[in-house]
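Encoded as structure tokens, the structure appears first; notes follow it.
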Ligand code: FAD
């Protein structure tokens, strides 16, 4: 409530925020989480909490009047539809040259993501975060993160026989035929539940085209794992539909935190100020970077380092589809479970998630989200005329990602006798390179913060999310974000709270 004083306030309830919330509450510290999205616990008139991808309604997007699907076209025609404006689960945040997809709600990105839980190769982790003790990460914090996230793997025998991964088997074959290796990828979706869906024993979710607007069943999102465990301590409070807008040193010590409360229609219902001894920024790469860049520019936190807002990257994301010759299946699991692993290729590392195209009908489409090693980095900049924070990212900076992915998929197409689809990302457009699933960086560890996420000059302010990672992890990022947060909060608890 307005005027409250709390020991710790966490901005955002995604991976970084949820890890901090669990470890703080377990240590006996009352913790307040402030989350701009809603708490997804109340079913709509159809009895479901989330809508599916075939029939998106107002629950799909964060305050939009039209859907903005990553695959926004079909046969070159726009595939989006009108919806009413609402505090939906998926935000497509538009910057000048790119748009960044993010989850909105208690659980952050875990509500809308594909659940792929990938631990990066240790050699690459050492390259991107050289100040972090990698042996400690791989010995302690990656295992701890995987255990608490509920990561599990598909039964390989079931994978080979089920209809719903025909698309992955077809993509695997064409990749292997062209000389590329493939790997199974663990997930936080409960594969045991998925097998029961397939056998018609339980309500379908992954097998009912549910993913990017949320899953009604089967997925161990953060509200079911880290946040549920934190709540069980009795020391967690969560304020949904509250957006933090201001943080500044309080006269008597600690920080004043300003926030705006909205209803699900977007009307402002209250503005509040509370005092917190400590504030943890866990609003995601984009959210934390925007907030800190604007607070520095507005003189609220003027002494933040100049590295705040820099070193942002898109994890080398680029999406592409092939028009296959083999049936990919009318029934497709929305949860990816296989990747083409070409990361060791010195001519251009690529880790390509074999993505579903859950259209509910046969499409012969092989879809991929390629993760590449793109060296380009963007910067968040405060615009004093609008009062908003923009992202300086040149549209042409995705070219290294396209080049790397093109080498792999040209070879696959050539061997398989197939072609690219050019009708899914626009008219005559092969590469989906104007959107991002994996924003990373903006407040990089050991640059904008110290080696454990402390913001220099402001004792008690911390960064604890994907913004700590310098633009790339080489794989889907949430396991890395979670493990790094586990490492940092353990250190912070032991030293700053001692
Ligand atoms: P987030 O999870 O984004 O959490 C930040 C939270 O802070 C959000 O809930 C946000 O609403 C809230 N917030 C922001 N600003 C404020 C504010 N000012 N006040 C209050 N609250 C605020 N990664 C994988 O590893 N595997 C996958 O399969 C995968 N698939 C994906 C599919 C999609 C469609 C998308 C969009 C992402 C996917 N990702 C995947 C990426 C993954 O979800 C993100 O990397 C991850 O969620 C980032 O974690 P985070 O803690 O940094 O921030």
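Nothing in this text is a laboratory measurement; each read-out follows from the coordinates by a stated rule. Since the structure is predicted, the reported quantities are computational estimates derived from the model, not experimental observations. Cβ: placed from backbone, ideal geometry, glycine included. Neighbour counts: every protein chain shown.
Here each label is just a point 7 Å from Cα along the line to Cβ, and for residue 325 and residue 396 those points are 3.8 nm apart. Simple spin-label estimate for residue 123 and residue 155 gives 3.6 nm between the two label positions (7 Å along the Cα-to-Cβ direction from each Cα).
Taking packing as the residue-averaged number of other Cβ atoms within 10 angstrom, the listed peptides 397-404, 212-219, 266-273 run from highest to lowest as 212-219, 397-404, 266-273. Site pair residue 147 and residue 81 shows an inter-label distance of 4.5 nm when each label is modelled 7 Å from Cα along Cα→Cβ. Counted over region 5-495, the DSSP beta bridges are approximately 75% antiparallel.
On a 0 to 90 degree scale, rounded to 10, what angle separates helix 284-297 from the longest Cα axis of the chain? The angle comes out near 40 degrees. Relative to the compact-globule estimate of 2.2 N^0.38 Å, the Cα radius of gyration of the chain comes out at 0.93. With contributions of -39500 (n - 2.57) from each DSSP H run of at least four residues, the per-residue ellipticity at 222 nm computed over the chain stands at -6500 deg cm²/dmol.
Between residue 184 and residue 65, the C-beta separation translates, for a Förster distance of 51 Å, into a calculated FRET efficiency of about 0.80.
Enclosing the Cα atoms of region 391-460 in their convex hull gives a volume equal to 146 cubic angstrom per residue.
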